[in-house]
Amino acid sequence: MISRGQPADVSNEDVLQAMDELTSIWQSWVDAGTVILNPRPEFLKSEPQAHMLVTLTTHLFEQASVIRPYLPDDLPITLMPVARSALETTLWVIWVDRYDDAAAAALNRSEHQRRNMLKTLNQSSLIPIDRENITLETWTDLETSSGHQARSLESMANSLGLIDLYVFYRMYSSVVHPGIDLVDAYLDDIGDNKVAYHAHAETDFRSGITTRVLPLMMLKCARIVNYMSRDRQRRSDLHRVARKLNVSLDKFWSAR
């Protein structure tokens with residue numbers, strides 16, 4: 001396929017085929033058992049960065065495998081949390097790749113959350129009274145300038161110039177959290193000022209949105225992992241998929 005136009009111009013058939021090709025490419029990496037990192041300075045990542053990039057991308061592809069059977073039209077509302085998490089995971093991968101101190105900021109955030117969680121657990125009436133307080137070893141906060149981004153997905157998306165992805169995140173959130181949109185999904189107007197209740201929420205436009213955006217998320221994260229490796233064959237494979245999706249492998253969703 002010759003790359004012309006925008007990703008929106010690609011047919012659903014080609015988009016889903018690209019998704020399946022990306023899954024096969026990533027599975028071949030998984031089967032190899034490891035990612036061979038490129039030692040050249042311009043590709044170098046810190047160990048925490050490398051660990052986060054590979055594991056979060058692996059998680060994204062696991063989420064995609066859950067969603068894929070329902071695309072393009074039948075993604076149930078009960079799987080919207082998975083679609084939302086996939087989008088959040090993608091933003092984290094791009095963020096950790098973009099900022100050298102993002103991994104340190106993520107470690108600080110995780111430490112802060114664990115301490116707050118343990119404080120609450122130790123005060124819970126569900127914990128036996130004779131149980132000693134659960135504690136954590138003391139950590140030293142790592143110096144970082146990206147801490148505020150780690151605490152706010154919107155701030156993270158803004159720093160990356162990817163506020164449109166955050167809007168998609170909010171779109172999923174409207175039916176992930178209990179609220180009017182979620183209630184409406186289970187109501188059916190049957191006329192005469194009467195309503196019925198759906199036993200299962202009907203699928204809606206979010207299924208189509210997921211079909212369009214998920215392959216790009218998979219492609220971006222796979223390329224980030226590929227970029228810090230020596231793997232030329234998979235780089236060529238990813239370029240082929242990018243052409244099918246009408247994007248530039250090294251330019252889309254990138255400020256570089």
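The values are calculated or read from the model by the stated rules, or taken from the named source; none is laboratory data. Just so it is clear, the structure is predicted and the values come from calculations on it, not from any experiment. Note that we place each Cβ from the backbone using ideal geometry, even for glycine, and neighbour counts take in every protein chain shown. Remember, those area values only see protein heavy atoms, side chains included, never the ligands or the DNA or RNA. Shrake-Rupley method; radii C 1.70, N 1.55, O 1.52, S 1.80 Å.
Structure notes:
- When the range 52-63 is filtered for residues that are of a type outside the set (Ser, Thr, Tyr) and touching a residue at least 12 places away in the same chain (Cβ under 8 Å), the ones remaining, listed by number, are 52, 53, 54, 56, 59, 60, 61, 63.
- Close pairs (6 angstrom Cβ cut-off, 6 or more residues apart or separate chains): within 21 Å of residue 208 (Cβ to Cβ) and without any contact (Cβ under 8 Å) to a residue 24 or more places away in the chain in the range 166-189, charged (D, E, K, R) and open to solvent by 30 Å² or more (accessible area, probe 1.4 Å) anywhere: 174/181
- Candidates 186, 172: the one that is at pLDDT 95 or above and either at positive phi or not charged (D, E, K, R) (or both) is 172.
- Selection from the range 58-89 of residues that are within 15 Å of residue 19 (Cα to Cα) and among the β-branched types (Val, Ile, Thr): 58, 66, 67
- Matching residues in the range 210-238 - criterion: being among the β-branched types (Val, Ile, Thr) and modelled with pLDDT of 95 or more: 210, 211, 213
- Filter pass, residue 107 being modelled with pLDDT of 95 or more, of a type in the set (A, V, I, L, M), under 19 Å from the mean Cα position of the chain (by Cα) and surrounded by 13 or more Cβ atoms within 10 Å (Cβ to Cβ): no
- Failed condition for residue 175, given (1) in contact with a Pro (Cβ under 6 Å, 6 or more places away or on another chain); (2) closer than 28 Å to residue 13 by Cβ; (3) among the β-branched types (Val, Ile, Thr): (1)
- Where helices (runs of 4 or more DSSP H) sit wholly within the range 160-256, those with at least 3 residues that are crowded, with 18+ Cβ neighbours inside 10 Å occupy 163-176, 205-227, 232-244.
- Residue match in the range 36-59 (condition: closer than 30 Å to residue 200 by Cβ, in a helix (DSSP H, G or I) and modelled with pLDDT of 80 or more): yes
- Here the range 203-239 is the region considered, the condition is being of a type outside the set (Phe, Trp, Tyr) and without any contact (Cβ under 8 Å) to a residue 40 or more places away in the chain, and the residue that is farthest from residue 19 (Cα to Cα) is 232.
- Residue that is free of Cβ contacts under 8 Å to residues at least 40 places away in the same chain and open to solvent by 40 Å² or more (accessible area, probe 1.4 Å), where the choices are 66, 82: 66
- Selection count, the range 31-63, where residues are in contact with a Phe, Trp or Tyr (Cβ under 8 Å, 6 or more places away or on another chain) and open to solvent by 60 Å² or more (accessible area, probe 1.4 Å): 1
- Test result for residue 140, open to solvent by 100 Å² or more (accessible area, probe 1.4 Å), of a type outside the set (Lys, Arg) and modelled with pLDDT under 90: yes
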